[in-house]
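Heads up, the thing below is written out as structure tokens.
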Amino acid sequence: MARIHLDGVGHSYDGGRTHALQPADILFEDGKTYALLGPSGCGKTTMLNIVSGLLFPSDGRVRLGERDVTRAAIADRNIAQVFQFPVVYRSKTVFGNLAFPLKCRNWDKARIERRVSEVAELLGLTARLGRSARSLTADEKQLISLGRGLVRDDVAALLMDEPLTVIDPQMKFDLRRRIKQANERTRHTVIYVTHDQNEAMTFADEILVMQAGRVIQRGTPKDLFERPLNAYVGTFIGSPGMNFVPATQSGGEIRVGGEIIRNDAPTIVGGTLTVGIRPEHIRLSATDRGLPARVIGVQDQGNVRVVELELADGARLKAKLPREHAIPADALRVVMPSQHAHIYADGVRADI
Ligand SMILES: Nc1ncnc2c1ncn2[C@@H]1O[C@H](COP(=O)(O)OP(=O)(O)OP(=O)(O)O)[C@@H](O)[C@H]1O
């Protein structure tokens with residue numbers, strides 16, 4: 001197990017004309033689980049491949065613990081990696097596949113059997129240990145790839161690149177929980193690439209949100225949900241994403257549609273002001289407090305409803321309400337609790 005330090009690391013695939021990964025300092029602490037989250041092409045796999053050694057960075061140094069591994073071969077890094085699509089030895093049994101990384105390191109037979117049976121149990125593969133890998137479904141083959149990633153408890157880090165893409169959606173939730181449990185025992189440093197915010201939020205101790213080759217915010221799932229630093233993170237995280245509604249400032253007061261939403265605002269110089277508020281934090285009221293609004297549409301999501309609203313000035317926003325909360329039919333008002341209403345100037349958090 002080791003901390004991973006990307007010291008000024010960046011990468012250009014075209015000799016420096018453009019950077020797929022902008023040079024930056026990034027630290028992954030020992031024993032924590034990280035998710036790299038962002039849309040396709042933002043540089044997640046590039047960063048992961050630099051850590052694993054599949055790619056040598058064009059800028060900076062990579063350190064695993066105290067060791068500089070910037071130009072070290074993959075085999076010299078003691079890292080386990082799981083890819084998006086299954087990589088299995090078709091001629092071997094499930095047991096043979098899971099045992100392979102341990103045999104390569106000359107573990108004794110009893111220790112191999114113990115560890116393989118633990119991992120097989122964790123992934124629900126026990127009954128298939130004697131089967132040929134060739135005969136398995138794509139789901140099952142990916143479980144073997146995951147198992148090979150998890151089987152060594154002495155690796156410096158475990159890197160996973162969208163490892164659940166081919167897994168049946170019903171199984172994903174359960175598998176995430178199992179992988180997390182396995183890791184709570186081994187305390188590997190894990191870096192997990194995903195473009196799925198649910199996956200990142202449920203799996204990681206800390207999430208690095210990426211956009212166009214940069215990490216634009218890192219924090220716990222709670223931090224990113226409650227305190228997004230910019231509109232990009234606010235809308236990328238959450239379902240639906242954060243609402244941003246036009247606002248005005250006068251002294252310490254921030255108003256939306258003439259209503260005071262905050263009275264403790266710092267002086268904000270320049271930029272278009274908006275108030276950012278999560279759909280989960282909006283309340284609807286039939287009393288005279290709050291902003292007059294009308295319902296545009298209601299989306300039923302089972303135990304919650306997402307209500308699309310329009311304010312008197314035409315601004316639109318969404319509220320996410322528990323099913324049992326009534327939606328007032330007349331004189332509907334939108335209440336934005338001040339502790340959840342954040343101020344943004346040109347899409348950047350301005351009240352911290
Ligand atoms: N081998 C390569 N040669 C040239 N450009 C590349 C290469 N690999 C990736 N890129 C480019 O680098 C940028 C970052 O790609 P990368 O695969 O790291 O992003 P990603 O966030 O992992 O995306 P995805 O989720 O689609 O895999 C993209 O613009 C991509 O087109």
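The table that follows gives values for the structure above.
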read-out: Only one of ARG214, ARG178, ARG227 that is modelled with pLDDT under 90, basic (Lys, Arg) and surrounded by fewer than 19 Cβ atoms within 10 Å (Cβ to Cβ); value: ARG178
read-out: Inter-residue pairs, beta-carbon under 6 Å, first in contact (Cβ under 8 Å) with a residue 60 or more places away in the chain and in segment 189-205, second among the charged types (D, E, K, R) and crowded, with 23+ Cβ neighbours inside 10 Å, 6+ apart; value: VAL193/LYS44
read-out: Of all residues making up segment 208-250, the number that are away from the ligand (no atom under 16 Å from the Cβ), among the hydrophobic types (A, V, I, L, M, F, W, C) and part of a strand (DSSP E or B); value: 2
read-out: Every pair of residues 6+ apart whose Cβ atoms lie under 7 Å, when the first sits in segment 13-41 and is more than 20 Å from THR194 (Cβ to Cβ) while the second is within 11 Å of the ligand (Cβ to nearest atom) and of a type in the set (A, V, I, L, M, F, W, C); value: TYR13/ALA20
read-out: Scan of segment 181-199 for residues that are within 13 Å of the ligand (Cβ to nearest atom) and not in a strand (DSSP E or B), ordered by number; value: HIS195, ASP196, GLU199
read-out: Residues of segment 69-89 classified as within 15 Å of the ligand (Cβ to nearest atom) and aliphatic (A, V, I, L, M), total; value: 1
read-out: GLY347, sole failed condition from (1) closer than 18 Å to SER285 by Cβ; (2) in contact with a Ser or Thr (Cβ under 9 Å, 6 or more places away or on another chain); value: (1)
read-out: Of all residues in segment 42-68 being part of a loop (DSSP other than H, G, I, E, B) and within 14 Å of the ligand (Cβ to nearest atom), the one that is farthest from THR194 (Cα to Cα); value: SER58
read-out: Condition broken by THR18, with the remaining ones in (1) farther than 30 Å from GLY238 by Cβ; (2) within 12 Å of the ligand (Cβ to nearest atom); (3) assigned to a strand (DSSP E or B) satisfied; value: (3)
read-out: Residues located in segment 238-252, provided they are buried (at least 17 other Cβ atoms within 10 Å of the Cβ) and touching a strand residue (DSSP E or B) at 6+ places or on another chain (Cβ under 7 Å); value: MET242, ASN243, PHE244, VAL245, ALA247, GLN249
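The values are calculated or read from the model by the stated rules, or taken from the named source; none is laboratory data. Model, not experiment: these values are computed from the prediction. Glycine also receives a Cβ, built like all others from the backbone with ideal geometry; neighbour counts cover every protein chain displayed.
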